[in-house]
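Comments concern the structure below.
The values are calculated or read from the model by the stated rules, or taken from the named source; none is laboratory data. Quantities reported herein were computed from a predicted structural model and do not represent experimental measurements. Because the Cβ atoms are built from the backbone with ideal geometry, glycine has one as well, and the counts that use them run over all protein chains shown. These area figures cover heavy atoms from the full protein model, side chains too; ligands, DNA and RNA do not enter into them. Shrake-Rupley method; radii C 1.70, N 1.55, O 1.52, S 1.80 Å.
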Amino acid sequence: MLYRRFGRTELQMPVFSCGGMRYQYKWQDVPQSEIPRNIQENLEATIRRSLEVGINHIETARGYGTSEVQLGKILPKFPRAKLIVQTKVNPEADAKEFERNLQKSLQNLQLDYIDLLGLHGINNRETLNYCIRPGGCLDVARKLQAQGKVRFIGFSTHGSTDIIIEAINTNQFDYVNLHWYYINQNNWAAIEAATRYDMGVFIISPSDKGGRLYDPSQKLVNLCAPLSPMVFNDLFCLSHPQVHTLSLGASKPQDFDEHLKTLELLDNASEILPLILASLEEEAIASLGEDWVKTWNVNLPTYKETPGNVNIPVILWLRNLAIAYDMTEYAKMRYNLLGNGGDWFPGNKADQVDKLNLQQCLIRSPHADKIPHLLAQAHQMLGGEAVKRLSQE
């Protein structure tokens, strides 16, 4: 395993982390006695495999149902100093409720302290305010930090880049969990901001939200050759030294194997990546046209600036992926979250676009005339049954 300094925490962080949202029994809390033996044994085998290969950062959340309580049965069996344990707790308007949830996490994990506490889901200014206002969630976290129950405090986010940068600029956090990978590089400015403050940078879900790379289209497989799409994306992310660790949402012990192939390639990333990057860009241009590829996202309105809260940037992005790389299943899954994702995936689909006047909100876009048609096309291509976030299922 390779390790990187996790910003000002000074922790030596493995470049892969063991994320805890895919091996748990249920998304809701249930008594330990109701967790089937084979489910618990699989989780424990996954953790043992993780530590075997040097992935000693175990990451979970209060919102991941039984994940914490299941980890609490295995983590205390290992030397504590060799583990980096992270959990995340949602900010609340009532800081006392946040504290109760945090204490529940500590109780579930059966550890004297956690290394990393993430304020989970700073996705808008409201949740940021819950954290940083006097007497807010951050003050509660600092109290537990003073008691030795929390070593470092960060935040996770699915928010827009400007919100992430606003949170980073408070200089109140030691690290950030955010989305950034080949198919979605919007948050690079936030990573640069985190680097300026010497924060740890943790990439959320590079293989799932980064394109369902465990089940790639044949076209994407061909374009990423000789690497698998998963290894290509890992290498792309880790070739940037500002990125410290990638979350691997393992559901079984074998789920680490493909990712580990990346390690021996890192020293040669500058030789390996350019050919694949060129192949991907050439295919996008061939499929979508050079002008569109280079300017499609110029001066697009946010969903808040759009009639019906249609999330134009996200819909056009998903259409691009479906057409250029045959990533239709991924695009459908993400598209049908719109309208159901709350502040984790905001805005609406384009199902009503023919009834909306988008002329004013698109006035600065170089593609204003054709975007309404493309939105309707995207809905026809990707529309289907509404999809819920995993934690809502």
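Structure summary
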quantity	calculated
Per residue, in Å², the accessible surface of the chain once ligands and nucleic acids are set aside, probe 1.4 Å	43 Å²
Prolate/oblate/rounded call for the stretch 15-91, Cα gyration tensor, a/c under 1.5 rounded	oblate
Hits among lysines - C-alpha to C-alpha of Lys26 under 27 Å, sequence gap 8 or more where chains match	Lys73, Lys77, Lys88, Lys96, Lys104, Lys149, Lys209, Lys252, Lys332, Lys388
Carbon + sulfur, % of accessible area of the chain - ligands and nucleic acids excluded, 1.4 Å	48 percent
Helix 95-109 vs. the chain, principal-axis angle (Cα, 0 to 90°, nearest 10)	70 degrees
Relative packing of 264-275, 346-357, which averages over residues the other C-beta atoms within 10 Å, highest first	346-357, 264-275
Using alpha-carbon coordinates, inclination of helix 269-288 to the longest axis of the chain, degrees	40 degrees
Gain on full stretching of the segment that runs from Asn129 to Trp188 - 0.36 nm per residue minus C-alpha separation	18.9 nm
The stretch 282-393: C-alpha gyration tensor shape, a/c 1.5 cut-off, then a/b vs b/c	oblate
C-alpha center-to-center spacing [the stretch 174-213, the stretch 81-117] in angstrom	22 Å
Shape category assigned to the stretch 4-147 from the gyration tensor of Cα positions, a/c cut at 1.5	oblate
Peptides 278-284, 97-103 ordered by average Cβ neighbours within 10 Å, highest first	97-103, 278-284
With Cα atoms, 0 to 90° folded angle of helix 229-238 axis to the chain main axis	70 degrees
Estimated dipole of the stretch 268-320 in Debye, rounded to 20 [Cβ of Lys and Arg +1, of Asp and Glu -1, Cα centre]	340 debye
Sum of -39500 (n - 2.57) over DSSP H runs of 4+, divided by residues of the chain (222 nm, nearest 500)	-11500 deg cm²/dmol
Extreme residue, positive dipole direction of the chain, given options Ala146, Ser287, Trp188 (C-beta unit charges)	Ala146
Estimated FRET transfer efficiency (Lys370, Ala269; beta-carbon r; R0 41 Å; 0.05)	0.65
Farthest positive-ward along the chain dipole, Cα basis, beta-carbon charges - from His240, Ile315, Asn171	Asn171
Lys, Arg +1 and Asp, Glu -1 on Cβ, resulting dipole of the chain about Cα centre, debye, nearest 20	980 debye
Virtual paramagnetic centre 7 Å along Cα→Cβ of Val30, amide N under 12 Å, in the stretch 72-88	none
